[in-house]
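For reference, the structure discussed in these notes is given below.
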Amino acid sequence: MTTDPQSQRLIAALRRESLDLLRYFRRRVSEPEDAADLLAETGLTARRGVSDLPFDDEGARKWLFTIAHYTYLNHQRGQRRRHALADRVRSILDRADQASPPSDEGIEVRDAINNLSAELAEIVRLIHWDGLTVAEAAEAAEAAEVIGVSSSTARARYQRARAELRETLTVTVAGAMNLGAGGV
């Protein structure tokens, strides 16, 4: 495999400077894997701009470290964006947790919903947990749109789910009342 002279010079420069570049990154990031990834990214960036590679060794070193510096800055920006996104998601989850009942509250209802068929359980969850509608008007039938069925199909599923839940929960409540009264 033959490579052009510029690529050969880049390979030689990267061989000379890779350990120092890796140290540069290692001192700036907390994870060794990140340092290795940044070194690889620096090499790829250098390869794309190989025509700008200086001819002298010192110039090539400075050029590679300049690329490394900008690669690291991009990495930092990405980290900040990821952290900001994670903070926003945590905030949303905190609000959702505050709106949710304690984990043992309503367990009979959750169990009853989980015992429904998947299509019935999903329509109940979309309506009661996620606040979507199955109103008469097609444009208001948000739950139907989410699961990809017609409004009438969503309403029929919802009515069937309600009937099954009513039956299941009536049996559950009656059983609990018998247990509480000393029955078996």
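The values are calculated or read from the model by the stated rules, or taken from the named source; none is laboratory data. None of these values were measured; they are calculated from a predicted model. As a convention, Cβ positions derive from the backbone with ideal geometry for all residues, glycine included, and neighbour counts pool all protein chains shown. These area figures cover heavy atoms from the full protein model, side chains too; ligands, DNA and RNA do not enter into them. Shrake-Rupley method; radii C 1.70, N 1.55, O 1.52, S 1.80 Å.
Report yes if Leu120 is surrounded by 10 or more Cβ atoms within 10 Å (Cβ to Cβ) and at pLDDT 80 or above, otherwise no.
yes
Just wondering, is there one or more residues in segment 78-88 that are part of a helix (DSSP H, G or I) and surrounded by 12 or more Cβ atoms within 10 Å (Cβ to Cβ)?
Within segment 78-88, one or more residues are part of a helix (DSSP H, G or I) and surrounded by 12 or more Cβ atoms within 10 Å (Cβ to Cβ).
Would you mind finding the one in Gln79, Gln98 that is of a type outside the set (Asp, Glu) and at pLDDT below 80? Please lay out each step first, then the result.
Working: Gln79 fails: at pLDDT below 80.
From the options Gln79, Gln98, the qualifying one is Gln98.
Looking at Gly175, Gly183, can you tell me which residue is modelled with pLDDT under 75 and in a loop (DSSP other than H, G, I, E, B)? First the steps, then the outcome.
Values: Gly175 fails: in a loop (DSSP other than H, G, I, E, B).
None of the other options fit; the residue is Gly183.
Go through segment 50-74 and give me each residue that's open to solvent by 70 Å² or more (accessible area, probe 1.4 Å) and not in a helix (DSSP H, G or I).
Phe55, Asp56
Any idea which residue in segment 104-117 is nearest to Ser150 (Cα to Cα), counting only those that are at pLDDT 85 or above and of a type in the set (A, V, I, L, M, F, W, C)?
Across segment 104-117, the extreme among qualifying residues is Leu116.
Do any residues in segment 1-21 that are within 18 Å of Thr66 (Cα to Cα) and at pLDDT 90 or above have Cβ atoms under 7 Å from those of residues that are among the polar types (S, T, N, Q) and surrounded by 12 or more Cβ atoms within 10 Å (Cβ to Cβ), where the two are at least six apart or on different chains, and which pairs are they?
Leu21/Thr42
State yes or no: is Ala35 touching a Lys or Arg at 6+ places or on another chain (Cβ under 6 Å) and among the aliphatic types (A, V, I, L, M)? Full working, then the answer.
Values: touching a Lys or Arg at 6+ places or on another chain (Cβ under 6 Å): yes; among the aliphatic types (A, V, I, L, M): yes.
Answer is yes for this residue.
Identify, by number, the condition in (1) over 25 Å from Leu22 (Cβ atoms); (2) in contact with a Ser or Thr (Cβ under 8 Å, 6 or more places away or on another chain); (3) not charged (D, E, K, R) that Ala86 doesn't meet.
(2)
Which of the residues belonging to segment 129-172 are among the small types (Gly, Ala, Ser), open to solvent by 60 Å² or more (accessible area, probe 1.4 Å) and modelled with pLDDT under 75?
Ala138
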